[in-house]
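The values are calculated or read from the model by the stated rules, or taken from the named source; none is laboratory data. Note that the structure is a prediction, hence the values are computed from the model and not measured. Here the Cβ positions follow ideal geometry from the backbone for every residue, glycine too, while neighbour counts run over all protein chains shown.
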Amino acid sequence: MANPKRWQKHEKKTAKKHRGRHVGGPGQPDYTRGDVQGEVKLRQRPLTKTEVMAECRKGRTEIVCNAGFSESAIEYINRYRPDVKLVRGR
């Protein structure tokens, strides 16, 4: 698991890169930019379809993950949630 300081720095840096305001906190998006709510994930494995679906249910419209996304997650977004943007970080 990532060091807490490391993921917090990563969230703030990603929010700045996407021209958003860092929010963070439990139940809150990691950053906002107007109506866009972004979620940042710092992990070693790609985000799965189930995890992407959970973020979509929370109202996130941008999901950034440094490890990328599974094929099933990408197919789900393309088919059912074209309004959600998946971004592979670094």
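Being part of a helix (DSSP H, G or I) and surrounded by 12 or more Cβ atoms within 10 Å (Cβ to Cβ) is the filter here; which residues of the range 53-71 pass it? Show your work before the answer.
Here is the first cut: in the range 53-71, the residues part of a helix (DSSP H, G or I) are 53-57, 71.
Residues satisfying the conditions are Met53, Ala54, Glu55, Cys56.
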(request) Just one of (1) outside any loop (DSSP other than H, G, I, E, B); (2) within 25 Å of Asn78 (Cβ to Cβ) trips up Lys5, so point out which. (result) (2)
(request) Could you figure out which of (1) buried (at least 17 other Cβ atoms within 10 Å of the Cβ); (2) at pLDDT 90 or above; (3) in contact with a Gly (Cβ under 7 Å, 6 or more places away or on another chain) isn't true of Arg88? (result) (1)
(request) Check the range 47-69 and report whether any residue there is without any contact (Cβ under 8 Å) to a residue 40 or more places away in the chain and at positive phi. (result) yes
(message) I'm trying to understand the selection: among the residues of the range 31-52, which are buried (at least 16 other Cβ atoms within 10 Å of the Cβ), part of a strand (DSSP E or B) and out of contact with any strand residue (DSSP E or B) (no Cβ under 6 Å at 6 or more places or on another chain)?
(response) Gln37
(message) List the residue pairs whose Cβ atoms are under 7 Å apart, where the first residue sits in the range 11-27 and is under 15 Å from Arg60 (Cβ atoms) and among the β-branched types (Val, Ile, Thr), the second is surrounded by 15 or more Cβ atoms within 10 Å (Cβ to Cβ) and at pLDDT below 90, and the two are 6 or more positions apart or on different chains.
(response) Thr14/Gly89
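Here is a yes/no grid of residues against (1) within 14 Å of Lys85 (Cα to Cα); (2) of a type outside the set (Gly, Ala, Ser):
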residue	(1), (2)
Glu11	no, yes
Lys16	no, yes
Arg21	no, yes
Gln37	yes, yes
Thr50	no, yes
Ala54	no, no
Thr61	yes, yes
Cys65	yes, yes
